[in-house]
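**Q** Before I ask anything, here is the structure I am working with.
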Amino acid sequence: MTESTPVPVSSNSLAGRTVLVTGAASGLGLGIARGLLQAGANCILADIDDKGLDSIAPEFKERGLAAKMNVTDEASVQAAFAAGVARFGRLDGLVCAAGVAPAYPLEDTPLDKWRFALDINLTGYFLCGREATRIFKKQGGGGAMVLLSSKSGLEPSKNNSAYNATKAGELHLARGWALELGPAGIRVNCIAPGNVFEGSKIWNPAYIAEAARKKGIKPEEVIPHYIAMTALKRDIKPQDIANAAVFLLSDAARCMTGQVLVVDGGQAYTR
């Protein structure tokens, strides 16, 4: 099958809007931030990795602000949002993309790793969603949030208790918020990506080794194996996820809230 290359969506769909992206220094967070920039948005690049932020900030130029943020710390979250609003004058969107995936068999899962995943993947989403809501309501005129879940939030994977639980939890956070915040014109949706390998910190050598052990294959066979599990047999790129985020944040999705946009090449239906 011929592999295609993802192309950006409209370059004007988010013109003049300001979006905060967590986990923006690498992986899907960075890929989404780049997609938002292509769509005309101002980007508040939030991450705990200040060196990573420094390395990417120049490509965003006057439409980017690097804001060091620990998503599990209330004061840090509030300071990053405040810095972004001070720089750009308002906030129109939030993308929660910071996440971790400690992979262990149930009986071997360390308690600190379980708690770490809950802190980043759930408490982090809660704190950012709460702060964005406060700003949206103070401004008036609504707003939009996109929570990055996973296909594992829809279909669990083996030896992945913390990731499965938190990614499923994110879906219900979004659904509950959509019901609660709809009257204020605030939309909340999720993206459930498939396996995105390019630029990923989650798909590190240790994680790939665990996936290989789980599947009974060699580490170098892991990525081709997962690509082959999709209906399209296609390597999902960060741009594919960015395109979904741009759509959900734009007026083209003005009547969508509480929904899950699955960008997995059909994997959820082939397992």
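The values are calculated or read from the model by the stated rules, or taken from the named source; none is laboratory data. Values in this document were obtained by computation on a predicted structure and should not be read as measured data. Every residue, glycine as well, gets a Cβ built from its backbone with ideal geometry; the counts of neighbours run over all protein chains shown.
**Q** Under 9 Å between Cβ atoms, at least 6 apart or on separate chains: pull out the pairs that start in segment 146-157 with a residue that is hydrophobic (A, V, I, L, M, F, W, C) and end on any residue that is at pLDDT below 90.
**A** L154/A268
**Q** Please return the ranges of helices (runs of 4 or more DSSP H) entirely within segment 1-119 where 2 or more residues are within 21 Å of G194 (Cβ to Cβ) and within 19 Å of the chain's Cα centre (by Cα).
**A** 27-38
**Q** Can I ask one more? Condition test on K113, is it without any contact (Cβ under 8 Å) to a residue 60 or more places away in the chain, surrounded by fewer than 22 Cβ atoms within 10 Å (Cβ to Cβ) and either touching a strand residue (DSSP E or B) at 6+ places or on another chain (Cβ under 8 Å) or more than 22 Å from L173 (Cα to Cα) (or both)?
**A** Answer is yes for this residue.
**Q** Residues in segment 219-239: is at least one of a type outside the set (D, E), touching a strand residue (DSSP E or B) at 6+ places or on another chain (Cβ under 7 Å) and farther than 17 Å from A103 by Cβ?
**A** yes
**Q** Still on this structure: Please pick out the residue among G194, G199 that is in contact with a helix residue (DSSP H, G or I) (Cβ under 6 Å, 6 or more places away or on another chain), surrounded by fewer than 17 Cβ atoms within 10 Å (Cβ to Cβ) and closer than 25 Å to Q38 by Cα.
**A** Values: G194 fails: surrounded by fewer than 17 Cβ atoms within 10 Å (Cβ to Cβ).
One residue alone meets the criteria, G199.
**Q** Among the residues of segment 207-230, write down those that are surrounded by 15 or more Cβ atoms within 10 Å (Cβ to Cβ), more than 16 Å from Q267 (Cα to Cα) and of a type in the set (V, I, T).
**A** Of everything in segment 207-230, just one residue is surrounded by 15 or more Cβ atoms within 10 Å (Cβ to Cβ), more than 16 Å from Q267 (Cα to Cα) and of a type in the set (V, I, T), namely I208.
**Q** From the set of residues in segment 183-199 that are more than 13 Å from the chain's Cα centre (by Cα) and in a loop (DSSP other than H, G, I, E, B), which is nearest to R130 (Cα to Cα)?
**A** Here the residue is G185.
Yes/no matrix, rows are residues, columns are (1) closer than 21 Å to C190 by Cβ; (2) not acidic (D, E):
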site: K61; (1), (2): no, yes
site: V85; (1), (2): no, yes
site: A97; (1), (2): yes, yes
site: A132; (1), (2): yes, yes
site: E155; (1), (2): yes, no
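**Q** Any idea which residue in segment 240-267 is surrounded by the most Cβ atoms within 10 Å (Cβ to Cβ), counting only those that are in a helix (DSSP H, G or I) and in contact with a strand residue (DSSP E or B) (Cβ under 6 Å, 6 or more places away or on another chain)?
**A** Ranking the candidates gives A245 first.
**Q** Could you look through segment 26-73, keep only residues that are closer than 24 Å to L122 by Cα and in contact with a Cys (Cβ under 7 Å, 6 or more places away or on another chain), and pick out the one that is surrounded by the fewest Cβ atoms within 10 Å (Cβ to Cβ)?
**A** Step by step, filter segment 26-73, then rank; the result is V71.
**Q** Identify the single condition in (1) within 17 Å of the chain's Cα centre (by Cα); (2) surrounded by fewer than 16 Cβ atoms within 10 Å (Cβ to Cβ); (3) at pLDDT below 95 that S152 does not satisfy, given that it satisfies every other one.
**A** (2)
**Q** Also: Looking only at segment 219-238, filter to residues that are of a type outside the set (A, V, I, L, M, F, W, C), part of a loop (DSSP other than H, G, I, E, B) and touching a helix residue (DSSP H, G or I) at 6+ places or on another chain (Cβ under 6 Å); which one of those is modelled with the highest pLDDT?
**A** Step by step, filter segment 219-238, then rank; the result is D235.
**Q** Select from segment 29-73 the residues that are under 13 Å from A98 (Cα atoms) and in contact with a Pro (Cβ under 6 Å, 6 or more places away or on another chain) and list them in ascending order.
**A** G31
**Q** Does F197 qualify as being within 30 Å of C43 (Cβ to Cβ), of a type in the set (F, W, Y) and modelled with pLDDT of 90 or more?
**A** It is false that F197 is within 30 Å of C43 (Cβ to Cβ), of a type in the set (F, W, Y) and modelled with pLDDT of 90 or more.
**Q** Is at least one residue of segment 169-180 modelled with pLDDT of 90 or more, among the acidic types (D, E) and within 14 Å of the chain's Cα centre (by Cα)?
**A** Initially, segment 169-180 is screened for residues modelled with pLDDT of 90 or more, giving 169-180.
Filter once more, keeping what is among the acidic types (D, E): 170, 180.
When the remaining residues are screened for being within 14 Å of the chain's Cα centre (by Cα), the result is 170.
Scanning segment 169-180 turns up at least one residue that is modelled with pLDDT of 90 or more, among the acidic types (D, E) and within 14 Å of the chain's Cα centre (by Cα).
**Q** Between E170, E180, E155, which is within 20 Å of V246 (Cα to Cα) and either of a type in the set (D, E, K, R) or out of contact with any strand residue (DSSP E or B) (no Cβ under 7 Å at 6 or more places or on another chain) (or both)?
**A** E170
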